[in-house]
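Written below as structure tokens is the structure these notes are about.
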Amino acid sequence: MTDRYLELANTNLTKSLFDGLGLPTPVRLKREDNADPHQLTGNVLLGSSQGAGFSGEITSILSSTPLAMVNAGDDNKVSLVFDASGISSADESIQLYEFFNQNLKLLAQCGRVIVIGHRPESLSNTTHATLQRGLVGFVKSVAKEIGRKGATANLIYVDKGGKAAIEAPLRFLLSAGSAFMNAQVLTAGKPVTDGAGDWTRPLEGKIALVTGAARGIGLAISQVLARDGATVIGVDVPQAETELKAAMDSIGGLCLPLDITSDGAAEILVNFCQEQGSSLHSIIHNAGITRDKMLSRMTNVQWDLLMQVNLGAAQRINDALMATDLLDNGGKIIGVASISGIAGNVGQTNYGFSKSAVIGMVDSLAKPCAKRGITINAVAPGFIETQMTAAIPFVTRQMGRRLSSLSQGGLPVDVAEVIGFFVSPQAAGINGNTVRVCGQSLLGA
Ligand SMILES: NC(=O)c1ccc[n+]([C@@H]2O[C@H](COP(=O)([O-])OP(=O)(O)OC[C@H]3O[C@@H](n4cnc5c(N)ncnc54)[C@H](O)[C@@H]3O)[C@@H](O)[C@H]2O)c1
């Protein structure tokens, strides 16, 4: 759906009127060029605190990309990367202040702020851990100050053994694919597999299954994974078979019309995957429904039907897949939660419960998955322009869009790009993460 406000705010004729009235003027975000995706362009200014632990790693990663590493004195517009991992006292936090106080003015339109630190729980020194926790509040506050430029700020926490896993999140956050992921923490841990892959076609030769693939976010996920080289198996309800077939035909994918809540659905799905080969690279549990009603008026059918689609089916499919070795050594499981599962929402007790449980699924399965070389992560989308949000009343829809630091809703592709990153082989150290894809929505932030 078109956001007319965003269009007008970026039209020469009306832009000055918006400025004059002091209205929020959302910037048109830069997104991946599908003809030439994952290209890193622009300048990076890198800084580090004293005693920072990852600067060597970060310098060599950035040097291996086409990004230009520039100095503060150069008159360039930049993205800012700061290794804050050495900050271990209140006095030392001034180093973070100094770098950004001096350089934030250089931040490019749609630029990136990326801070890197230690995961506090991985540190035995309690003062060091305390200071590293402070980075979350810093990054979230910076994100609120730079959103009007279409720029984002995110934090990478490095867990024990995670130094070898910094490259994938660093590249992703610097790429156009992370346009709507804002004010989030990505934790990089010990890789569960060797994580080798091609940066431009990371999913070449791999099979990915997407539920709810006929339209909306599921369709965008399928398109992004196919662009990245995957053969997509699209699953959707039999009533959507025509749409599903058209969608899969357009990306060279396979079609499996199936209601994931029907009897034996998980086994049908696993058998279908086994017929395609000996391994499944990724399963994206995207299918989801809403059945909004105030709790006192909600019927048990509205509760249970939703719970089966959004949660029960995903759990049964995971169990059936884990009973085979299809996902072992490199497989990826993705949950699609929602900010309603984080912040809660009126009329959505059923939806909020199911989406919070999706986050619980990620938290509880991360360790057992890692033992088998599998990662599990989730996205929690905020306001995304789909048929679902087009049905929201006009005023509420405008508020949903504008109440984020980027003053706009996201597109289905924004959610898809984060999933594309999670399932890339190089993200082998990204496990047990749930990130909001919401442009830093004020809801529950
Ligand atoms: N649109 C948003 O703003 C938003 C925000 C947060 C979370 N989400 C989540 O993202 C996911 C996709 O949302 P969307 O906006 O694209 O929704 P959508 O309604 O446009 O698409 C959902 C798809 O899932 C399919 N589906 C539903 N029940 C199914 C079943 N039993 N078996 C197989 N397929 C089934 C539908 O037929 C449909 O094609 C959902 O999990 C939703 O909860 C969306």
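The values are calculated or read from the model by the stated rules, or taken from the named source; none is laboratory data. Here the structure is a predicted model, which means the values were calculated and not measured. With ideal geometry, Cβ positions are generated from the backbone for all residues, glycine too; neighbour counts draw on all protein chains shown. The accessibility values were calculated without ligands, DNA or RNA, using every heavy atom of the protein model including side chains. Shrake-Rupley method; radii C 1.70, N 1.55, O 1.52, S 1.80 Å.
Some observations on this one:
- Of the helices (runs of 4 or more DSSP H) lying entirely inside the range 153-263, those containing at least 2 residues that are away from the ligand (no atom under 16 Å from the Cβ) and farther than 17 Å from A378 by Cα span 167-174, 216-227.
- Residue list for the range 290-301, restricted to those being buried (at least 16 other Cβ atoms within 10 Å of the Cβ) and free of Cβ contacts under 8 Å to residues at least 60 places away in the same chain: M298
- Test: residue in the range 306-319 that is within 26 Å of G409 (Cβ to Cβ) and either away from the ligand (no atom under 15 Å from the Cβ) or open to solvent by 40 Å² or more (accessible area, probe 1.4 Å) (or both): no
A quick yes/no check of all residues on (1) at pLDDT 95 or above; (2) of a type outside the set (S, T, N, Q):
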| position | (1), (2) |
| --- | --- |
| A68 | yes, yes |
| N76 | no, no |
| S85 | yes, no |
| E98 | yes, yes |
| N101 | yes, no |
| P120 | yes, yes |
| N125 | yes, no |
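- Candidates are the residues of the range 367-385 that are touching a Leu at 6+ places or on another chain (Cβ under 9 Å) and not aromatic (F, W, Y); the one that is nearest to the ligand (Cβ to nearest atom) is I384.
- Residue match in the range 271-291 (condition: in a loop (DSSP other than H, G, I, E, B), of a type in the set (S, T, N, Q) and within 16 Å of the ligand (Cβ to nearest atom)): yes
- Test for M399: is it within 10 Å of the ligand (Cβ to nearest atom), assigned by TED's automatic domain parsing to the domain that holds I342 and out of contact with any strand residue (DSSP E or B) (no Cβ under 7 Å at 6 or more places or on another chain): no
- Only one of the numbered conditions (1) part of a loop (DSSP other than H, G, I, E, B); (2) at pLDDT below 95; (3) within 11 Å of the ligand (Cβ to nearest atom) is not met by S338, and that is (2).
- Pair list, Cβ < 8 Å and 6+ apart or interchain, from the range 428-445 residues that are free of Cβ contacts under 8 Å to residues at least 60 places away in the same chain to residues that are surrounded by 24 or more Cβ atoms within 10 Å (Cβ to Cβ) and not in a loop (DSSP other than H, G, I, E, B): L442/S404
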